[in-house]
Amino acid sequence: MDVNLFSSMVKELLADTGVAVIPGFGRFAVEDVPACFSDRGFTLNPPYRSVTFSLSKDSDNALASIYASSNNVDLRRAEEIVRDYVSALKAELSSSRTVVLPSFGQLRQAGLGCIVFVPDESLSIFPQFDLLSPLSLKSRNFAAADASPASVVSEARDVHWGNL
C-alpha cells in the first residue's frame, strides 16, 4: 500500500460512514460545524463539515475491506497489509514529525502523545457543502456603521442557506 491509496481509502470511508478507523493508531471523524459569524459579525459563514483526528486504539476492518475488494486479495491478507502500513505511517510520523496525505491533509506530531490533523485546503469530501459560500452582510446594505451583529441578524432574517 502507498500513501495515495491510503488517503483515498480514508476519504472514501469518511464520505460513506463519517468515520475512518486507523487500526491501533487513531480515527478520523466528520463533525458538523454550524454557521457562524466572523468579521466583527458582518460575515455569515455557512455550515460545513470538518474532519478531525484523534488517537485511539480502536480497531475495525473497514480499511482492510476496501483494500481487499479493490486489490483482489483476501481479507486476512488485506488486514496484514493495512497493519504493516499503519506501522510504517507511525514510524514516519515519529521520525519526520509530519506525514503528508495527498489530496487529504497532513498529520503532524505536535508533542508527545499529541497528533494534529491539518486538512488540505482543497479537501472536498462533501460536495453539497462546497456550494455554500460566506455571505457578507455589509454588501446587503443593512450594515450601518453603528449596527451591532444582533441588529444586523434581525434585519437579515430572510438570508439563509436552506436545509441541507
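The values are calculated or read from the model by the stated rules, or taken from the named source; none is laboratory data. For clarity, every value in this text was computed on a predicted model and none was experimentally measured. Heads up, the Cβs are rebuilt from the backbone with ideal geometry, glycines too, and the neighbour counts pull from every protein chain shown. All accessible areas refer to the heavy atoms of the entire protein, side chains included, with ligands and DNA or RNA removed. Shrake-Rupley method; radii C 1.70, N 1.55, O 1.52, S 1.80 Å.
Of everything listed in (1) buried (at least 17 other Cβ atoms within 10 Å of the Cβ); (2) free of Cβ contacts under 8 Å to residues at least 60 places away in the same chain, the single unmet condition for residue 25 is (2). Among the candidates 42, 28, 6, the residue that is under 30 Å from residue 135 (Cβ atoms) and modelled with pLDDT of 95 or more is uniquely 28. Screening the range 30-45 for residues that are closer than 20 Å to residue 120 by Cβ and out of contact with any Cys (no Cβ under 9 Å at 6 or more places or on another chain) and picking the one that is surrounded by the fewest Cβ atoms within 10 Å (Cβ to Cβ) gives 31. Number of residues in the range 15-51 that are of a type outside the set (Gly, Ala, Ser), within 26 Å of residue 62 (Cα to Cα) and in a strand (DSSP E or B) equals 12. The residue list 54, 59, 8 contains one member that is assigned to a helix (DSSP H, G or I), over 30 Å from residue 136 (Cα atoms) and open to solvent by 20 Å² or more (accessible area, probe 1.4 Å), which is 8.
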